[in-house]
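Remarks on the structure that follows.
The values are calculated or read from the model by the stated rules, or taken from the named source; none is laboratory data. Note that the coordinates shown come from a computational prediction; the quantities given were computed from them, not determined experimentally. Quick reminder, even Gly has a Cβ in these numbers, built from the backbone with ideal geometry, and neighbours come from all protein chains shown. Only protein heavy atoms, including side chains, enter the accessible area calculation; ligands, DNA and RNA are left aside. Shrake-Rupley method; radii C 1.70, N 1.55, O 1.52, S 1.80 Å.
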Amino acid sequence: MTQQEFEHIVPELRPRLKDIGRQFFGDEETAEDIAQETLMRLWMLRNRIDCNATLSKKEPQTDIEPLAVRMAKNLCVSEWRKQKVRQGNALQVKLIAREDVHRDVEMKEEIARLHQAVSQLKPAEQRLFRMRHEAEMDIQQISTVTGIGVRSVSAMLSTAKRKLLEILNPKGGIQ
């Protein structure tokens with residue numbers, strides 16, 4: 001198909017292609033997108049379309065119109081699927097965000113409970129617990145900094161953890 005043949009066919013095809021998009025989606029913008037995409041694809045295929053057989057007929061678009069209509073319908077289906085996937089992804093993102101917020105709230109509540117429980121320990125136990133878990137010091141480092149023996153630091157931390165478990169879970173079961 002030559003450029004002139006294509007330019008002659010486009011004004012006759014465009015309204016039909018827009019109607020297909022409008023019937024499928026019900027909005028003018030998407031219908032225009034479908035028509036443009038279909039015409040662009042036809043343009044890219046123009047070298048493979050033989051209009052010589054149709055030049056003797058009164059309307060050269062008769063052989064191209066079914067192809068264009070089929071292409072437009074296929075594009076409508078593809079676009080519809082993309083929209084459904086996008087809607088599903090948007091819903092999934094909202095659910096994940098909601099779960100993340102819920103998880104963050106739970107985490108903040110647990111941290112607040114832990115800080116409240118730590119505040120109920122003796123001052124020396126609080127200090128050792130914070131050095132171990134907040135400052136991430138190992139037992140040898142804590143021993144060096146505090147001047148308390150390694151075994152004593154270990155025993156005091158163990159006692160502090162046991163007390164915390166009792167404070168956080170007074171019934172003795174796993175929470």
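Here is how the numbers come out for the structure above:
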| quantity | calculated |
| --- | --- |
| Carbon + sulfur, % of accessible area of segment 4-54 - ligands and nucleic acids excluded, 1.4 Å | 47 percent |
| Dipole of the chain [Lys/Arg +1, Asp/Glu -1 at C-beta], most positive-end residue of L95, A117, V10 | A117 |
| Neighbour count of at most 15 Cβ within 10 Å plus DSSP loop: longest GluC sites (Glu not before Pro)-free window in the chain | 1-133 |
| For segment 111-121, Karplus couplings with θ = phi - 60° (6.51, -1.76, 1.60), whole Hz, Gly/Pro x | 5, 4, 4, 5, 4, 5, 5, 4, 5, 8, 6 |
| Percent accessible area from carbon and sulfur atoms, segment 68-132, protein chains only, probe 1.4 Å | 57 percent |
| Accessible area per residue in Å² at 1.4 Å probe, computed on segment 106-163 | 68 Å² |
| Choice from G26, G88, G147 showing the highest fluctuation, given a GNM over the chain with Cα pairs closer than 10 Å | G147 |
| Segment 96-107 - phi-based ³J(HN,Hα) in whole Hz, Karplus 6.51/-1.76/1.60, Gly and Pro as x | 5, 4, 5, 5, 4, 5, 4, 5, 4, 5, 4, 4 |
| Cα-centred dipole magnitude for the chain, charges only on beta-carbon of K, R (+1) and D, E (-1), debye, nearest 20 | 1080 debye |
| Nearest-ten-degree value, helix 28-45 long axis tilted from longest Cα axis of the chain | 70 degrees |
| Among T30, T38, T146: highest mean-square fluctuation, GNM of the chain, C-alpha pairs under 10 Å | T146 |
| On Cα atoms only, tilt of 3-25 relative to the major axis of the chain in degrees | 50 degrees |
| Estimated Rh, segment 65-175: Kirkwood, alpha-carbon pairs, angstrom | 18.8 Å |
| Local net charge near L164, Cβ-Cβ under 13 Å (Lys/Arg +1, Asp/Glu -1) | +4 |
| Using θ = phi - 60° and Karplus 6.51 cos²θ - 1.76 cosθ + 1.60, couplings along segment 76-82 (whole Hz; Gly, Pro as x) | 4, 4, 4, 5, 4, 4, 4 |
